[in-house]
Amino acid sequence: MSTPGSTPPMGASNEADPGQLDVARAEGAAYRKALEAMREESGAVIKQAGEFLVALVQEDAEGMYALQDGHLVWHEAPEDANGHLEIAVADASDGRFVPGLDVTVTVTVTSRGEKVLDTTLPFLWHPFLYHYGTNFTMPGAGDYDVQVHIDPPQFMRHDPVNGKRYEHPVEVAFLTVPFNPGRKPSPDAQPRAQGTPTG
């Protein structure tokens, strides 16, 4: 089930003149370029639902830096993780990434409906494409169904004309998406969390 697409407002107001709105669109165009590159590189699937463009990509499980006692420390993906799921969410009018969302995903094996993931995704910084995501474990290569739920965000919205957006929950269904298990080691990352292997 997916929410029908709609277009958020983009009009001149006492908060944004046409030139400023063009700046927002240019920022969104750059993010969309990154999304398209992700589609070419990793097979990302992009759909419009509600007032969002939502992209899904499955990659190899990967490690990340996290703050630990005030310092960044590298953590490899859990030993049983063999996949990394990414959801990117952009505004359907200006194309900019939308931060501060509660994004929940449910992943099931297409052929038998077995649930392999049901969680809220944290925001993940990425040098190329901001997104929400997590590592996870899948039973093997094959087709998977991914249901994405996005709650209306709690942050305030500027602008009496353009601020009336993201009012309703959004559902996005990605059906029969091919997933492939794998892991991406990062032996050069330092310092490493205690017990984190280098390979």
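The values are calculated or read from the model by the stated rules, or taken from the named source; none is laboratory data. All of these numbers come straight from a predicted model, not from anything done at the bench. Counting neighbours? That spans all protein chains shown, and the Cβs are built from the backbone with ideal geometry, glycine included. Side chains included, ligands, DNA and RNA excluded: accessible areas come from the protein's heavy atoms. Shrake-Rupley method; radii C 1.70, N 1.55, O 1.52, S 1.80 Å.
Is the stretch 64-109 rounded, prolate or oblate when judged by the Cα gyration tensor, a ≥ b ≥ c being the square roots of its eigenvalues, rounded requiring a/c under 1.5 and prolate requiring a/b larger than b/c?
Judged from the Cα gyration tensor, the stretch 64-109 comes out oblate (a/c at least 1.5, b/c at or above a/b).
State, to one decimal in nm², a quarter of the convex hull surface area for the C-alpha atoms of the stretch 87-199, i.e. the direction-averaged projected area.
9.7 nm²
For the stretch 99-199, what is the accessible area per residue in Å², given a 1.4 Å probe and the full set of protein chains?
Result: 56 Å² per residue.
In whole percent, how big is the carbon plus sulfur part of the accessible area of the chain, probe 1.4 Å, protein atoms only?
54 percent
Among GLN58, GLN48, GLN68, which one moves the most in a GNM of the chain with springs linking Cα atoms closer than 10 Å?
GLN68
With the contact rule set at Cα under 8 Å and sequence spacing of 6 or more, what percent relative contact order holds for the stretch 54-183?
28 percent
In debye, nearest 20: dipole of the stretch 1-131 around its Cα centre with unit charges on the Cβ of K, R (+) and D, E (-)?
Computed about the Cα centre, the dipole is about 460 debye.
Pick from ASN135, ASN162, ASN14 the residue whose mean-square fluctuation is largest in a GNM of the chain, springs joining Cα atoms under 10 Å.
Maximum fluctuation in the GNM of the chain, among the listed residues, is at ASN14.
Return the calculated 222 nm mean residue ellipticity for the chain, to the nearest 500 deg cm²/dmol, obtained by summing -39500 (n - 2.57) across DSSP H runs with n ≥ 4 and dividing by the residue count.
-4500 deg cm²/dmol
Label the stretch 1-95 by shape, choosing from rounded, prolate and oblate, from the square roots a ≥ b ≥ c of the eigenvalues of the Cα gyration tensor; if a/c is under 1.5 it is rounded, and otherwise prolate applies when a/b is larger than b/c, oblate when it is not.
Prolate, since a/c reaches 1.5 and a/b exceeds b/c.
Using a 10 angstrom cutoff on alpha carbons, build the Gaussian network for the chain and name the most mobile of VAL73, VAL148, VAL109.
Among VAL73, VAL148, VAL109, the largest GNM mean-square fluctuation belongs to VAL73.
Using +1 at the C-beta of Lys and Arg and -1 at the C-beta of Asp and Glu, which of PRO160, PRO187, PRO139 has the Cα lying farthest in the positive direction of the dipole of the chain?
Working it through, the farthest residue towards the positive pole turns out to be PRO160.
In the stretch 1-124, with Lys and Arg counted as +1 and Asp and Glu as -1 at Cβ, which of these residues, LEU101, ASN82, ALA66, has the Cα nearest the positive end of the dipole, that is, farthest along it?
LEU101
Once the Cα atoms of helix 18-42 and of the chain are each reduced to a long axis, what angle between those two axes, in degrees from 0 to 90 to the nearest 10, is obtained?
With both axes taken from Cα atoms, the answer is about 30 degrees.
Give, to the nearest whole percent, the P(r) tail of the chain beyond 31 angstrom, counting all Cα pairs.
Pairs farther apart than 31 Å: 25 percent.
With a ≥ b ≥ c taken as the square roots of the eigenvalues of the C-alpha gyration tensor of the stretch 133-199, please select rounded if a/c is under 1.5 and otherwise prolate if a/b is larger than b/c or oblate if it is not?
Taking the square roots of the gyration eigenvalues as a ≥ b ≥ c, the stretch 133-199 is oblate.
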